[in-house]
Amino acid sequence: MNSIIVIAGNTFREVIRDRILYGLVVFAVMLLLLSLALGQLSFDENLRLSANFGFTGIHIAVIVLAVFVGSSLVSKEIEKQTILTLLARPISRAEFILGKAFGLLLVLKVVAFGLALILSIFLALLDFSFTPVYLFAVAGILFEAAVLLSFAIFFGSFARPMMTVVFTVSVFLLGHWVETLHYFITRSQNDTFKVIGTVISYIIPNLESFNWREAPVYGINVEFSQVGMAFGSAMGWVTLLVAATVLIFRRRDFV
């Protein structure tokens, strides 16, 4: 357990020092500022436009961080052969993967809630009415990012970084299309399409189930039970994918 905490701490510091992270934060802050500028152009919807663009900025920044950093962090250790030094120590491969995963999850949490704090300061200046749903919206972004991060780590255990990004972005796109796919399955008369569509809907997470970004903007209520179910679903996917990554990693030969 101590090894996992040490690796997680080193991973957190490594990513925080990475220029990619600062670039994403600057990008998100610029989006937030742009949202305020666009918000001032509209007479009635300025507050909603600002909140909408703000949540979009947080969503893009955290998802891009999960996909790109998650897809290269483990492969970077393999390419630089630093993994041989790490595994020569009394550290199991499972502890290495778990440490990396926990470290990156901590980074996502800090970035998501840090940007949400910046957005809340801007919105407070516009007399935005805050409710617990605001935190639920941020938590939904974090749940989605955690699932995509797990997919990136899983694909990164056997594929090159570029292909890992392609696979993970595909999961992102399909994950936001699963609900639409269910609709077409119920309407379709083609049995082959129904079978393929049903298989896809089982192996791809429904990322729209984490989407509450419009709820605080338009005053939509989100139940605690809904958040609890989404948290359970996200943790289920993370556990499954990290366990699969550990199994693949144990069989890999790095020499």
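The values are calculated or read from the model by the stated rules, or taken from the named source; none is laboratory data. As the structure is a computational prediction, the values presented were derived from the model and not from experiment. Using ideal geometry, Cβ is built from the backbone for each residue, glycine included, and neighbour counts are taken over all protein chains shown. SASA here: full protein model, heavy atoms, side chains in, ligands and nucleic acids out. Shrake-Rupley method; radii C 1.70, N 1.55, O 1.52, S 1.80 Å.
Accessible area, 1.4 Å probe, largest first: how do PHE55, PHE136 sort?
Values: PHE55 0, PHE136 25 Å².
If we order PHE55, PHE136 from most to least accessible, we get PHE136, PHE55.
With all protein chains present and a 1.4 Å probe, how do SER201, SER209 order by accessible area, largest first?
SER209, SER201
Quick one: 3J(HN,Hα) in Hz for segment 148-161, Karplus 6.51/-1.76/1.60 with θ = phi - 60°, rounded, Gly and Pro as x.
Per residue, the Karplus-derived 3J(HN,Hα) values read 5, 4, 5, 4, 5, 5, 5, 5, x, 6, 9, 10, 6, x Hz.
Whenever you get a sec, line up THR239, THR11, THR82 from highest to lowest accessible area (probe 1.4 Å, protein heavy atoms).
Numbers: THR239 90, THR11 0, THR82 55 Å².
Ranking THR239, THR11, THR82 by accessible area, largest first, yields THR239, THR82, THR11.
Convert each backbone phi in segment 97-103 into a coupling constant with the Karplus relation 6.51 cos²θ - 1.76 cosθ + 1.60 (shift: θ = phi - 60°), then list the ³J(HN,Hα) values in order as whole Hz, x for Gly and Pro.
The phi angles translate into 5, 4, x, 4, 5, 5, x Hz.
Taking θ as phi - 60°, what are the ³J(HN,Hα) couplings along segment 179-189 by the Karplus curve (6.51, -1.76, 1.60), each to the nearest whole Hz, with x for Gly and Pro?
Using θ = phi - 60°, the values come out as 5, 5, 4, 4, 4, 5, 4, 5, 8, 6, 9 Hz.
What number, rounded to the nearest 500 deg cm²/dmol, is the helix-based mean residue ellipticity at 222 nm of the chain, given -39500 (n - 2.57) per DSSP H run of at least four residues and division by all its residues?
For the chain, the value works out to -28000 deg cm²/dmol.
Considering Cα pairs under 8 angstrom that are at least six residues apart, work out the relative contact order of segment 140-255 and quote it in whole percent.
For segment 140-255, the relative contact order is 41 percent.
Between 0 and 90 degrees, rounded to the nearest ten: what's the tilt of helix 19-41 against the longest Cα principal axis of the chain?
10 degrees
In degrees, nearest 10, range 0 to 90: what is the angle between the Cα axis of helix 2-17 and the longest Cα principal axis of the chain?
So the helix axis and the longest Cα principal axis differ by about 50 degrees.
Count neighbours as other Cβ atoms within 10 Å of each site's Cβ, and list the chymotrypsin sites (Phe, Trp or Tyr not before Pro) in segment 162-255 that are DSSP loop with at most 13 such neighbours.
Listed in order of number, the matching sites are PHE254.
Measure off 7 Å from each Cα along the Cα-to-Cβ vector at ARG250 and THR180, then give the distance between these two points in nanometres to one decimal.
Result for the modelled spin labels: 4.0 nm.
Fully extended, how many nm does the chain gain between ILE91 and LEU33 (0.36 nm per residue separation, minus their Cα-Cα distance)?
16.4 nm
Grab the beta carbon distance between TYR22 and MET162, set R0 = 22 Å, and tell me the FRET efficiency rounded to 0.05. Please list the in-between numbers first.
Numbers: r = 23 Å, r/R0 = 1.05.
Result of the calculation: an efficiency of 0.45.
Taking the alpha-carbon centroid of each part, what is the distance from segment 182-196 to segment 141-165 in angstrom?
Using only Cα atoms to place each centre, the spacing works out to 28 Å.
For segment 97-208, what is the largest minus smallest coordinate of the Cα atoms on each principal axis, given in angstrom and ordered from greatest to least?
That works out to 54, 37, 21 Å along the principal axes.
What figure, in Å² to the nearest 10, do you get for the accessible area of HIS176 with a 1.4 Å probe and non-protein molecules left out?
My reading of the accessible area for HIS176 is about 40 Å².
Assuming a ≥ b ≥ c are the square roots of the Cα gyration tensor eigenvalues, decide whether segment 178-255 counts as rounded (a/c under 1.5), prolate (otherwise, with a/b larger than b/c) or oblate.
Oblate is the answer for segment 178-255, as a/c is 1.5 or above yet b/c matches or exceeds a/b.
Under a point-charge model restricted to the Cβ atoms of Lys and Arg (+1) and Asp and Glu (-1), what is the dipole moment magnitude of the chain relative to its Cα centre, in debye to the nearest 20?
Working: 17 positive and 15 negative charges, 202 e Å.
With only Lys, Arg, Asp and Glu charged at Cβ, the dipole is about 960 debye.
Among [x] 33, 25, 15; [y] 34, 19, 16; [z] 40, 25, 13, which one is semi-axes √(5λ) of the Cα gyration tensor in Å computed from these coordinates?
Read-out taken from this structure: [x].
Measuring from label point to label point, each 7 Å out along Cα→Cβ, what is the ALA124 to ASP191 span in nm?
Between ALA124 and ASP191, the label points sit 6.2 nm apart.
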